[in-house]
Structures are given as structure tokens and as C-alpha cells.
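Asker: Mind looking over this structure? Questions follow.
The values are calculated or read from the model by the stated rules, or taken from the named source; none is laboratory data. Bear in mind the structure is a predicted one, so any value in this text is a computation, not a measurement. Note: ideal-geometry Cβ built from the backbone for every residue, glycine included; neighbour counts use all protein chains shown. The accessibility values were calculated without ligands, DNA or RNA, using every heavy atom of the protein model including side chains. Shrake-Rupley method; radii C 1.70, N 1.55, O 1.52, S 1.80 Å.
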Amino acid sequence: PACPGCPAVSFLASFGRQCECIMAASKPVEAPGGGGGGGGGGSGLSRWQLALVLGAPILLGAGALYLWGRRAARRGGKGANERKTPEGRASPGPCGGQQPDGPSHEETSPLDRAQAAKNKGNKYFKAGKYEQAIQCYTEAISLCPPEKNIDLSTFYQNRAAAYEQLQKWTEVAQDCTKAVELNPKYVKALFRRAKAHEKLDNKKECLEDVTAVCILETFQNQQSMLLADKVLKQLGKEKAKEKYKNREPLMPSPQFIKSYFSSFTDDIISQPLLKGEKSDEDKDKEGEASEVKENSGYLRAKQYMEEENYDKIISESTKEIEAKGKYMAEALLLRATFYLLIGNANAAKPDLDQVISMEDANVKLRANALIKRGSMYMQQQQPVLSTQDFNMAADIDPQNADVYHHRGQLKILLDQIEEAVEDFDECIRLRPDSALAQAQKCFALYRQAYTGNNPLPVQVAMKGFEDVIKKFPKCAEGYALYAQALTDQQQFGKADEMYDKCIDLEPDNATTYVHKGLLQLQWKQDLDKGLELISKAIEIDNKCDFAYETMGTIEVQRGNLDKAIEMFNKAINLAKSEMEMAHLYSLCDAAYAQTEVAKKYGLKPPTL
């Protein structure tokens, strides 16, 4: 795959594991409301489920997480767009103005006088006279009978709105806190306090407030969901940066490693030992490997690869490098590759840099190092550097099919579909038997047609999948990608058959079980079967972070937040990149915020 963190079988599925980004329309300053009811907002948003709203992955095709079929009815209370600011008349005192005609001061109740002060404050607010508005709201607070919770909460919230215009964030947070204490489900106050906490860099408190708002608004308000997404990403990045720096390197499962190397065809370091590199005597006993003739750390590392004894490869490669042996370039590339596989990009980069600069080294070694460094840059969200490396690889080794195959996947990530198809075509020209490139070309064409809502090209792409699996019946990737496209088209039964084909071909591929489990949720809403398949994935590969992540997301939907947090933490410990870890922290923080909201306000989102 283009990224060492994703095995070939699931690469194109995993590139969809990004949070959906929705651009908020600009909105004028909102005048303070006249009531403290529930909130409402724009409804131009797609139907996000809870985990998706709060940072969960949106997966392509069979990875699309269908977790409940209908949205809970929108909660009662006046929406934000329905509230109107009462005009009122000026009241005497600090708010200023003439003594009004009508009933004498003694004949009006304290609440009436408080409302009049508030109304005057609203006039000042609309006129942009925020200091005077604050004086009026302060008078309203002092006049209001303490038992009038809803009215009093409105006055505090209105004063917070005026402080907000003056960017006095501490005062905003304090007044909103008073409003929420008086009216715990006051959406405007919660959201305004969330924004104040954001300005004060109180991310945890901001997240809890905006989570409560999202639940109260049944995920209909674009602004609150954008803020939730923004804060979750910030928290995720901060925590991942610290955690990743101090993480213990972890070797992936053998299945993952084999899937990774299977995506290369011109990779010298993954080729079996040649006859001249090992003794002529075959192994005498079962499990006893043939001995390497030369005293070479690199050749011993290659032997350990054949035995799937991956933990010794870095140390043996290091011996070759330190001895400056004749396989030094190969050893550097092999060590760098395993550094990438254990998630240590900082250690991998110097080795890759050195191989790339060795002009006398085999050109295929240098091209392979460029592919892997380019993939590393993409994983680090540096697409310009990534593109430069792939282009350089194509320049120095134009007949290397791997360059075009992996650059094609990069182009898909960059949404450059036409260029991706050109690269896949070149890969296929160089290696007509490349089933993987042909399957991924079909998927690229399908995504382009599907997102463009073009029925005819979609049909052509679907026919292309049929041709690929007919021509390459043993290519599990072809069935997997076809299954995702079929799921998009709601042809669930056929998609299920394709996943069964994948499992027949690769029974130890945990990712396929996860996707098949998700399909059961989307197709039949069969929670038990879905969880059974995902549990099977973990049984097959207890280092499959995707399985733990998906399990955690489902547990969020079921309302089992403690279990969800446990699953997300397991996935975090298995994350292969800082970016992936940040995403997982976002999920975990979203679940934790919901537990806090449930404790404070008794709010729980709809569950399965």
C-alpha cells in the first residue's frame, strides 16, 4: 500500500477513514434570546450518527457504519431561529432613559421591571452598545425574583452574549455557568460557554459543553457539530503527539506484514533467498531453517523473514550496516521498512535518505526507498514532499511497476482520479498480471462515477469489477473492493458473497471480517452477527486496530461508553502512525465527553 500503516487488502478502504468536513456558512451576530428553551439550528446537514458526529470514521462502501435507521424526534422547545428579542420599553436606573408612561413603578412587579431592563438591554445590544446592554442585563438580574429560574437564566445568558461581543471570555463563561445552573438544558448558554472555553483554551470543558449541545439539538445544528469536530481534532493531535513520542514500538501481526510486502513486485528485500545465499543442504528437521553460507547480518535477516521471525530483522540488519558489508544498501532499506512497520518513522527516514543518495546502489533499491519515503510523507500529511518522491522514483526507474501502482494510490488520496487511472494503466502495461492494480483502477473509476452521481459510468465500473474477478479469481482485493462498491449500490446480498470469497482466499485477513460485520449492521441491522464477526477478526489478529476501533464505535452507539473507551484505548496502543493515533484519541475523547455529559445533565444520545 501507499502507506505502511495499511495492508494492501484494506488500503483503499482505510483511505476513507477520515472525518467528514462540512463548511459552515457565515452567520451574523445573533441578538440575545428572549427565552431559555432548547436550541435549534440549520438543518442542511447529512444524517450523522453519534459516533460519526463526534469524530468517528466515515468508511467507504461496506465500511459505512449504519447504526440506526431513524433519527430521534427533534426535542421540544423553541429553536434558535424562532426566538425573537422582545423590544420592551426603557426602565429607570442604570439602564438610562426617561421614566415611562403607564403604571407607576410601585404598580409593576419586580419581574416586570426586570423584563423591561432586559428589553432595554436588547435594544442597546442591537445598536452595538454592549457596555450599556451589560448594565441593563445586570439590573435585570438584580431585579429578578430568585425563584424565576428561566427568566434569570435568560438574563445571565444575554449578558454573556454582550460580554462575548467585547471578547471578555472569562465573564462569558461565568455568566453562562450561572445560566446553566438555573436551566441545565439551556442550549444557547451551553454553546456560548463552549465557545468561550475554546477561546480560553479549555478544550476538555469546551468538548463537554458542545457534546451536550449536539445531543440536545439531535445533531441538527451545523455550527455545534463543526465545533465538536474541531476541538476533538485538536485534543487528538495534542494527545497523540505526546503518546507517540513515548510509545513502545510494536511489531504488527505476520498477516499484516505479509500483506504489506505483497503489494510490491519489484522489491528486492522481500524476495526469497537465492540458492547461492544459503547452504545446499536442506533442513534436516522440521522447523530448522537452512543456514546462510556467508556471515552476513542482512542474509540472516532475510532468513528470519522467511521464518516469519520478524523481531530479529532490525538487529541483524544493523549488524550488516555497522560492518559496512556488501549488502549495506539492502540492509538499510530492510531496516527502514521494519522501522516503518513498527511505526518509528523518525528512525526510518535517515536510512531511507541514505539509500536514496547512494547513486551506485541498485536503482530498484533506490526507487523502493523513494516509494516508502513518499508514503511516509503522505502519512505525515505532507503531500508535496510525497509527490516529489514518487515523481523522482518514476524518473530514475521508469520501468518499475511498483512506482505507478503506489503513486496511483497517492493520487486517489489527493482526489486526482484521472491521474490515478493513468498510473494504474502504466502499472498494468508493465505488469499485465497485476491483479491488484487492475482492481484498484476499477475502484478509482467507481469512486469518481459514484461521487459524481453518474449512473452510466457507475455501471461501466461495476462491469469492470466483474471482469477483474473473472480474470483474477484468486485476487482477494478484487472481491473486497467490489464488495464495497456493491454496498454503495445497496446490493447487500451480492456484497456479502464477495466478502465470503475474500475469506475463502484469505481466511486469516482480519480486516475482511470487520467489513463483513459492518455489512450485517447496514444490511440486516443484525447487531449480534456484526459483533460476532468483528470479535472473530480480533481472535484472528489481536493487533488489528481497525477491529478495536470499529468495536468501540459500535459500543458508543449501544450506549456502552466504558466498553467503547476500553476498545479505543486498545486501538490507540496499536496505532501505526501519529495521525492514526490522533484520530483514535478523538473517538475516545468523544466517548468520554458523553460519559461526563450523562453524569452532569442526564443526557444520552439515541442508542441501538
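Asker: Grab the beta carbon distance between MET358 and GLN382, set R0 = 30 Å, and tell me the FRET efficiency rounded to 0.05.
Answerer: Once rounded, the FRET efficiency stands at 0.85.
Asker: A further question on this structure: Putting +1 on Lys and Arg Cβ atoms and -1 on Asp and Glu Cβ atoms, find which of GLN132, GLY236, ALA161 reaches farthest to the positive end of the dipole of segment 110-246.
Answerer: Comparing the listed Cα positions along the dipole, GLY236 ranks first.
Asker: While we're on this one: I need the peptides 197-206, 517-526 ranked by packing, meaning the mean over residues of other C-beta atoms within 10 angstrom, with the highest value on top.
Answerer: 517-526, 197-206
Asker: Pop a pseudo-label 7 angstrom from the Cα along the beta-carbon direction at both ASP425 and PHE261 and give the gap in nm to one decimal.
Answerer: 3.4 nm
Asker: Over 23 Å between Cα atoms: which of LYS463/LYS524; LYS245/LYS364; LYS411/LYS474; LYS241/LYS570; LYS470/LYS536 fall into that group?
Answerer: Checking Cα-Cα distances, LYS463/LYS524; LYS245/LYS364; LYS411/LYS474; LYS470/LYS536 exceed 23 Å.
Asker: Hey, any idea what % of segment 110-246's accessible area is carbon plus sulfur with a 1.4 Å probe?
Answerer: Carbon with sulfur: 47 percent of the solvent-accessible area.
Asker: Given labels modelled 7 Å from the Cα in the Cβ direction, how far is it in nm from GLU322 to ILE396?
Answerer: 2.7 nm
Asker: Does segment 354-512 come out rounded, prolate or oblate, given a ≥ b ≥ c as the square roots of the eigenvalues of its C-alpha gyration tensor, rounded meaning a/c under 1.5 and, failing that, prolate meaning a/b above b/c?
Answerer: Here segment 354-512 falls in the prolate category.
Asker: Another question, then. Considering only protein heavy atoms, what per residue accessible area in square angstrom results for segment 110-246 with a 1.4 angstrom probe?
Answerer: 40 Å²
Asker: Mind grabbing the accessible area of GLU316 for me, 1.4 Å probe, Å², rounded to tens?
Answerer: 20 Å²
Asker: What accessible surface, in Å², does a 1.4 Å probe find on TYR156, ignoring ligands, DNA and RNA and rounding to the nearest 10?
Answerer: 40 Å²
Asker: Which number comes out as Rg/Rh for segment 110-246 once both Rg and the Kirkwood Rh are worked out on C-alpha atoms?
Answerer: Rounded to two decimals, Rg over Rh is 1.07.
Asker: Whenever you get a sec, compute what percent of the accessible area on segment 500-608 sits on carbon and sulfur atoms (1.4 Å probe).
Answerer: Heavy-atom surface of segment 500-608 belonging to carbon and sulfur, 1.4 Å probe: 45 percent.
Asker: Quickly work out the ASP112-to-ASN454 label distance, labels modelled 7 Å from Cα along the C-beta direction, and quote it in nm with one decimal.
Answerer: Between ASN454 and ASP112, the label points sit 7.0 nm apart.
Asker: Just the accessible area for MET251, please: 1.4 Å probe, Å², rounded to the nearest 10?
Answerer: Accessible area of MET251: about 30 Å².
Asker: Let me ask something else about it. Where does each of ARG192, ARG431, ARG247 land when they are ordered by accessible area, with a 1.4 Å probe and the largest first?
Answerer: Of ARG192, ARG431, ARG247, the descending order of accessible area is ARG431, ARG247, ARG192.
Asker: A further question on this structure: Among all the lysines, which ones have a C-alpha under 17 Å from LYS129's C-alpha, if same-chain residues fewer than 8 places away are not counted?
Answerer: LYS118, LYS120, LYS168
Asker: Across all directions of projection, what mean area in square nanometres is found for the Cα convex hull of segment 561-608?
Answerer: The number I arrive at for segment 561-608 is 3.6 nm².
Asker: Largest first, what is the accessible-area ranking of VAL468, VAL384 with a 1.4 Å probe?
Answerer: Descending order: VAL384, VAL468.
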